[in-house]
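Participant: Here it is, the structure in full.
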Amino acid sequence: MGGQLGPAARGLSLAAAWLGGVAWQLQQATLWPIETIALAAVAALALTALAWPWRRGWPGALLMALGVALLAFTSTHWRAELRLADRLPAALEGQDIVIVGTVAELPRTGLTGTRFVLEPEQALLRGAPVRVPQKLSLGWYRGPDEDGSLSGSLSGPAEELRAGQRWRLTVRLRQPHGTLNPHGFDLELWAFERGLGASGYVRARPDSPPQKLAEAAGHPVERLRQRVRDALVQRVSDAAAAGVLAALAIGDQAAIDREGWDLFRITGVAHLMSISGLHVTMFAWLFGALVGRLWRLHPRLPLWLPAPMAARWAGLAAAAGYALLAGWGVPAQRTVWMIAVVVVLRSAGLRWPLHLVLLAAAVVVTLADPWALLQPGFWLSFVAVGLLVASEPVHGGRLPAPGWRARLLDTLGAGLRTQVVATVGLAPLTLVFFQQVSLLGFVANLVAIPLVTLLITPLALAGVLLPPLWSLGAALVTGLMGGLQWLAAWPLALWTAAVAPPWAMASGLLAGALALLPLPWKLRLLALPLLLPLLAPPVPRPAEGQFELLAADVGQGTAVLLRTRRHLLLFDTGPAYSPEADAGGRVLLPLLRARGETQMDVLMLSHRDSDHVGGAASVLAGVPVRQLASSLANDHPLLANADSRGVPHQRCLAGQAWQWDGVRFEVLHPTQADYASASKPNALSCVLRVQGSSASALLTGDIEAAQEAALLQRSPDALRADVLLVPHHGSRTSSTSGFIAAVAPRVAVVQAAYRSRFGHPAPDVVARYEGQGVRVLRSDRCGAWTLTAAGFELCERRATQRYWHHGSPSSGGAVP
């Protein structure tokens, strides 16, 4: 009958409804009231029950789909409520809490200390029990305490921290909070998805020193991973090769250093250097094939269970075992659930079309982890398989080629076709997610995929039982990395583009599909013009005489982008977070790439403090800079770095002025006399005033009261500005009443960390601004702040707010 729907259509509508309901919930800025959710859950059940008798027709199918979508929404909401309820109460932030717990994952040791995940068993505050989250992300560091003192409370672990150990520790905790910038990494989503309800650090108090209570108190799989990593590092002396083998065998991606990941990213093979779906699937297939062959040799086992079914279940078990050994990461979990769906369907004798199998797998994945829909890997995995199936040519029942040579050629041809589909089809999606694509990825993967999948990964796993095999694997890794370094040196190895508008994204994704679908060539040729807007998207720039200002969220530090129509200036580069990471690499370079910035006209470093120049080396290495301006001493290492790259340096000096595209820039401080008499770096901070046709800004570095007084004496009329970058992050040493009155800003922007250990901004300083009618914006509450050329203001934390973000009403209210 025309009004009836077949099983495939009904399954398709229900799977799409479930995924749509989950996606709808993930877009919520705040969680709905519990009463509303209860009503929605009742409505979902009522709709499903009402539609059941008519489920084979269109009206019943639509009602049932609506019920399933509501059920997906409410179930995801309920799980989100549980996770948010497990977050650290705000009253416990910054308190010394004594915790007994077990190290639940592989610790990550760096130059400044060790990071690890702890599962608490008991928590005491001043002797009284308190509730803390079920999983804590902790650091055991060496360095100054929260107040900046060297009290010895941050002395680092006295012995190696290992998975499975049980410890009694004194810790200071805070709610999950990360920097939030346009198109940047969402640390708070990452912590939420992994169930990390708080982060913090260990303190070695004299009255409550750290105490190890047991060596092996739990987590046997993590202890096994620890032993494998230790044995691998001992066997393989080459740290780079050992890191790759550890990443492939046990999922220890932190074992690969930043330079290694940069190399893999440029050459398009980064997906191979972690426990990806390809590795898990290949391992499952090989193990299942081995079990199937051995099963057939037994005289009775095939009578009890057919060999193909035994092979499928053995492959699923192998996939799950490999994923567990690899740390049960999200990509590995996703693959295991996909394989499980296929195995269950085949074992039940169901031969669903592959598009239904993919949708069923997606439903199972989102049942296990609804927030997987927000991960690029989810879409890359499913789209890759979907494109392979959709682009499959029709063979018309062609028989397999006779002879081993012909079969070998067919296999090689199929592998080449798969690589073409993956490279061409996923390139638009890669540009959408990462704003870059390797132009050498096809060539690099032709060698890397078989080498890593068929040789290096099996050797990495087999080395767990036969450690000498790791040496052979390390030799292959070294050879591969040598070839990749040669490829990476080619010009235009990596194509980068700005974040495209939605219409350009849609055009590019359509181009990828058209290029691969078995359509007439006239239609497929449309792929190229459709792809161009994604490869080189239009980037809006300020009009003549106007500028755009973006105060990046870098934590405790300063970094401000100033863009005119044809020029770019970066004022400071934020802090160095550790010897291995800084704001330049983690925040500014991705931000510049997303904005389509291919070069920088001036990099101005206000003074030498590390929270202002900590990211400068990464910026100099990552983007062409035409000129460096600073108050740095001549022997500062950054000047030598700039000189080696051919970047000329000019000392900041009051009176310097220039004009870009109708916008005037003027340096107001320091003077030549300041260089001769300044007793500390803050006094030499470059002060820059920017005047456009419709707005003005004053960037002040870390000047203090004495420098503010000098500016008032020299040129009080030149200080007036609409936007003021608050001096010294809101320290009590700055922002005098007279200075605020002379600047008379509409907005005062404070760049400071959440729960800054320096107390920035000081409450009395904030009150001083507000007392003069100035609106104060803080990066810990606002995220990145943008003043557009048209005069609109945008707080990233408010514009992209989701319920898992710190400061949303769902997560516990506004930031204190």
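Participant: Given [x] 165, 105, 50; [y] 87, 77, 64; [z] 97, 70, 62, which label gives Cα extents along the principal axes in Å as computed from the coordinates?
Facilitator: Looking at Cα extents along the principal axes in Å for this model, the match is [z].
Participant: Can you work out the FRET efficiency for the pair ILE34 and ALA128, with r the C-beta to C-beta distance and R0 = 35 Å, to the nearest 0.05? Show your work: numbers first, answer last.
Facilitator: Values: r = 30 Å, r/R0 = 0.84.
Efficiency for this residue pair is about 0.75.
Participant: How far is it, in nm, from the label point at ALA348 to the one at LEU301 when both lie 7 Å from their Cα along the line to the Cβ?
Facilitator: 2.7
Participant: Considering only protein heavy atoms and a probe of 1.4 Å, how much of the accessible area of the chain is carbon and sulfur, as a whole percent?
Facilitator: Numbers: 23410 of 36660 Å².
The C+S portion of the solvent-accessible surface of the chain is 64 percent.
Participant: If DNA, RNA and ligands are ignored and the probe is 1.4 Å, what is the ranking of ARG166, ARG755 by accessible area, most exposed first? Intermediate results must be reported in sequence, preceding the final value.
Facilitator: Working: ARG166 75, ARG755 95 Å².
The ordering from most to least exposed comes out as ARG755, ARG166.
Participant: Mark the label point 7 Å from the Cα of ARG798 along Cα→Cβ and return the residues of segment 706-734 whose backbone N is within less than 19 Å of it.
Facilitator: Once the point is set 7 Å along Cα→Cβ of ARG798, 722-726 turn out to lie under 19 Å by backbone N, inside segment 706-734.
Participant: So for the chain, taking the charge dipole from beta-carbon charges (+1 Lys/Arg, -1 Asp/Glu), which of GLY349, GLN27, SER75 sits furthest toward the positive end?
Facilitator: GLY349
Participant: Still on this model: Using alpha carbon centroids, what distance separates segment 72-126 and segment 638-675, in Å?
Facilitator: Centre-to-centre (Cα) distance: 46 Å.
Participant: Right, here's the next one. Only bridges with both residues in the chain count here: give the DSSP antiparallel percent, nearest 5.
Facilitator: Values: 67 of 92 bridges.
Antiparallel bridges make up about 75 percent of those DSSP assigns within the chain.
Participant: Next up: In Å, what Rg and Dmax follow from the Cα atoms of segment 192-299?
Facilitator: Radius of gyration, then largest Cα-Cα span, for segment 192-299: 19.7, 69 Å.
Participant: Using only protein heavy atoms and a 1.4 Å probe, report how much of PHE758 is accessible, in Å² to the nearest 10.
Facilitator: Accessible area of PHE758: about 110 Å².
Participant: Leaving out ligands and nucleic acids, and using a 1.4 Å probe, what accessible area per residue does the chain come to in Å²? Intermediate results must be reported in sequence, preceding the final value.
Facilitator: Values: 36660 Å² over 816 residues.
With all protein chains present, the chain gives 45 Å² per residue.
Participant: Can I ask one more? Straight-line reach from LYS522: which aspartates and glutamates have a Cα under 20 Å away, not including same-chain ones fewer than 8 places off?
Facilitator: GLU392
Participant: Heavy atoms of the protein only, probe of 1.4 Å, neighbouring chains included. What is the accessible area of TYR141 in Å², nearest 10?
Facilitator: For TYR141, solvent-accessible area is about 70 Å².
Participant: What is the magnitude of the charge dipole of segment 575-716 about its Cα centre, with +1 placed on the Cβ of each Lys and Arg, -1 on the Cβ of each Asp and Glu, and no other charges, expressed in debye to the nearest 20? It would help to have the intermediate numbers written out before the result.
Facilitator: On the way: 11 positive and 14 negative charges, 59 e Å.
Around 280 debye, computed over segment 575-716.
Participant: Another one. Would you list SER644, SER685 from the most to the least accessible area, probe 1.4 Å? It would help to have the intermediate numbers written out before the result.
Facilitator: Numbers: SER644 95, SER685 0 Å².
From most exposed to least exposed: SER644, SER685.
Participant: To the nearest 0.05, what FRET efficiency results for THR598 and GLN650 with a Förster distance of 25 Å applied to their C-beta separation?
Facilitator: Calculated transfer efficiency: 0.65.
Participant: Anything in the chain that counts as a DSSP H helix reaching 24 Å or more along its axis (C-alpha) with Kyte-Doolittle mean of at least 0.5? List them, would you? Intermediate values should be presented prior to the final figure.
Facilitator: On the way: long enough: 7-26 (29 Å, 0.84); 34-51 (25 Å, 2.11); 58-85 (40 Å, 0.86); 277-297 (30 Å, 1.08); 307-325 (26 Å, 1.07); 330-347 (25 Å, 1.25); 404-434 (42 Å, 0.94); 468-488 (31 Å, 1.16).
Membrane-span-like by this criterion, though nothing is claimed about a membrane: 7-26, 34-51, 58-85, 277-297, 307-325, 330-347, 404-434, 468-488.
Participant: Bin all alpha-carbon pair distances of segment 456-610 at 5 Å intervals from 0 and give each bin's fraction as a whole percent.
Facilitator: The percentages, shortest bin first, are 2, 7, 10, 11, 11, 12, 12, 12, 10, 8, 4, 1, 0, 0.
Participant: What whole-number distance in Å separates the alpha-carbon centres of segment 681-725 and segment 530-559?
Facilitator: 24
Participant: While we're on this one: For segment 166-275, what is the charge dipole size about the Cα centre, in debye to the nearest 20, if Lys and Arg each add +1 at the Cβ and Asp and Glu each add -1 at the Cβ? Could you put the intermediate results ahead of the total?
Facilitator: Numbers: 15 positive and 12 negative charges, 117 e Å.
My answer is approximately 560 debye.
Participant: I would also like to ask the following. Expressed as a rounded percentage, what relative contact order does the chain have, with Cα pairs under 8 Å and six or more residues apart?
Facilitator: Details: 1549 pairs, mean separation 79.0, N = 816.
For the chain, the relative contact order is 10 percent.
Participant: Further, regarding this structure: Quick one: check the C-alpha center-to-center distance for segment 474-493 versus segment 27-54, whole angstrom.
Facilitator: 54
Participant: Mean separation of Cα pairs under 8 Å and 6+ residues apart, divided by the residue count of segment 483-542: what relative contact order is that in percent?
Facilitator: Details: 48 pairs, mean separation 24.4, N = 60.
Reported as a whole number, the value is 41 percent.
Participant: Loop only by DSSP, 12 or fewer other Cβ within 10 Å of the Cβ. Give me the GluC sites (Glu not before Pro) in segment 155-233 that pass, ordered by residue number.
Facilitator: Numbers: sites: GLU159, GLU160, GLU188, GLU193, GLU215, GLU222; in loops: GLU159, GLU160, GLU215.
Hits after loop and neighbour filter: GLU159, GLU160, GLU215.
Participant: With +1 assigned to the C-beta of every Lys and Arg and -1 to the C-beta of every Asp and Glu, and no other charges, what is the dipole magnitude of the chain about the Cα centre in debye, to the nearest 20?
Facilitator: Working: 68 positive and 53 negative charges, 530 e Å.
So the magnitude is around 2540 debye.
Participant: While we're looking at this one, here's another question. Within straight cross-link reach of LYS212, meaning Cα distance under 25 Å, which lysines are found once same-chain residues fewer than 8 apart are removed?
Facilitator: Within the straight-line cut-off, LYS212 pairs with LYS135.
Participant: Compare ASP257, ASP252 by solvent-accessible area with a 1.4 Å probe and give them largest first, with all protein chains kept in place.
Facilitator: From most exposed to least exposed: ASP257, ASP252.
Participant: By a straight-distance test (C-alpha under 19 Å), which aspartates and glutamates pair with LYS680 as possible cross-link partners, with residues fewer than eight away in the same chain excluded?
Facilitator: Straight-distance partners of LYS680: ASP572, ASP609, ASP611, ASP635, ASP702, GLU704, GLU708.
Participant: Tell me the accessible surface of ILE99 in square angstrom (1.4 angstrom probe, heavy atoms of protein chains only), to the nearest ten.
Facilitator: We get 0 Å² for ILE99.
Participant: Which one of GLY288, ALA255, HIS271 has its Cα pushed farthest toward the positive end of the charge dipole of segment 245-305, where Lys and Arg give +1 and Asp and Glu give -1 at the Cβ?
Facilitator: My answer, from the dipole projection, is GLY288.
Participant: Further question on the same structure: Using Cα-Cα distances under 8 Å and only pairs 6 or more residues apart, what relative contact order does segment 514-646 have, in percent?
Facilitator: Details: 221 pairs, mean separation 23.9, N = 133.
Reported as a whole number, the value is 18 percent.
The values are calculated or read from the model by the stated rules, or taken from the named source; none is laboratory data. Being a predicted model, the structure only gives us computed values, none of them experimental. For neighbour counting, all protein chains shown are included, and Cβ atoms are generated from backbone atoms with ideal geometry for every residue, glycine included. Accessible surface is based on the protein model in full, side chains and every heavy atom, while ligands, DNA and RNA are left aside. Shrake-Rupley method; radii C 1.70, N 1.55, O 1.52, S 1.80 Å.
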